[in-house]
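Step one of this worksheet: look at the structure below.
The values are calculated or read from the model by the stated rules, or taken from the named source; none is laboratory data. Model, not experiment: these values are computed from the prediction. Neighbour counts run over all protein chains shown; Cβ positions are idealised from the backbone, glycine included.
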Amino acid sequence: MILTTNKDQLSAQIKDWKKNGQRIGFVPTMGALHDGHLSLCETAAKNADKLVMSIFVNPTQFAPHEDLDSYPRTLERDIENLNNQGIIDLVYAPEQADIYPDGADSAIKAGPAAQGLESDFRPHFFDGVVNVVYRLFTQVNPDIAVFGEKDFQQLQVIEEMVADQAMDINIIPGAIIRDDHGLALSSRNAYLTADELETARMLNQIIYSVAHGISEGVDPDEACKNAAEMLLKAGFDKVDYIAYHPTWSRILAAAWLGKTRLIDNCALPEQD
Ligand code: PAF
């Protein structure tokens, strides 16, 4: 596995692979890798010949009061894990100046899919995400890229950006990977205390019960309101949102346990 922090080395290697007709798969990450990331790599491997992963904690998607400074940075361990897995061909771990040589402003703004939900609570977030993903796409020049469904709204925003910018990149969704109790894997789960972890595991159960209820005819607003109350009763400190999105046919939620903000979502069960 090649590890580089240098964008010229990255693009020379990509050109070389492309010259030989190899399709490039890309998995952008902020590191602190877990089995969810590994699953994204496996999805990418089914759709490409050579796999590139970026590891870059992107400052522009954090607001000043958020967890940029404390976000887990585990590069050495990540590299060791990836070497053991043997699935990634190249890890690109750029410096901030490689991604933002001209400062962090971006002409690219997130489109309509960014409206509501996350943006109501993290208004800066999707502009920061499209800013960095557009720049990474330009440098990596992949044929396909995989984004996890755990950040379902992010996935929609990226698909929209690729279409708007007429980028020839196929965006492939990666399934949510859950622990034995159904908790969606996330780098931020590392912040949870043992007690919080127990409570966190209620989130998926509650959104699944809302999804079932709505599919059986319960009023969505009523179901979501009750679910927010259930989350608070279960021990969550604050619920940013729990909402039904009819176009995406999903329940999406974000809630706080102490200092940790968790998000999750699930599809409504298929109707016969
Ligand atoms: O989902 C993430 O880890 C990040 O938002 C991404 C897509 C790597 C951009 O920094």
Requested in this report: Quick one: in region 184-228, of everything that is in contact (Cβ under 8 Å) with a residue 60 or more places away in the chain and part of a loop (DSSP other than H, G, I, E, B), which residue is surrounded by the fewest Cβ atoms within 10 Å (Cβ to Cβ)?
Outcome: T193
Query - Exclusive hit being touching a Cys at 6+ places or on another chain (Cβ under 8 Å) and farther than 18 Å from R135 by Cβ, set I87, I2 - result: I87
Query - Selection status of R188, of a type in the set (K, R) and touching a helix residue (DSSP H, G or I) at 6+ places or on another chain (Cβ under 6 Å) - result: no
Query raised in the report: Taking region 120-158, which residues are buried (at least 20 other Cβ atoms within 10 Å of the Cβ), outside any helix (DSSP H, G or I) and aliphatic (A, V, I, L, M)?
Result: A145, V146
Query raised in the report: Can you tell me which residues in region 117-147 are more than 13 Å from the chain's Cα centre (by Cα) and among the charged types (D, E, K, R)?
Result: D120, R122, D127, R135, D143
Query raised in the report: Within region 13-23, is even one residue over 26 Å from I108 (Cβ atoms), at pLDDT 95 or above and surrounded by 15 or more Cβ atoms within 10 Å (Cβ to Cβ)?
Result: yes
Query raised in the report: Mind checking whether some residue in region 101-113 is closer than 19 Å to T247 by Cα, over 18 Å from the mean Cα position of the chain (by Cα) and of a type in the set (G, A, S)?
Result: no
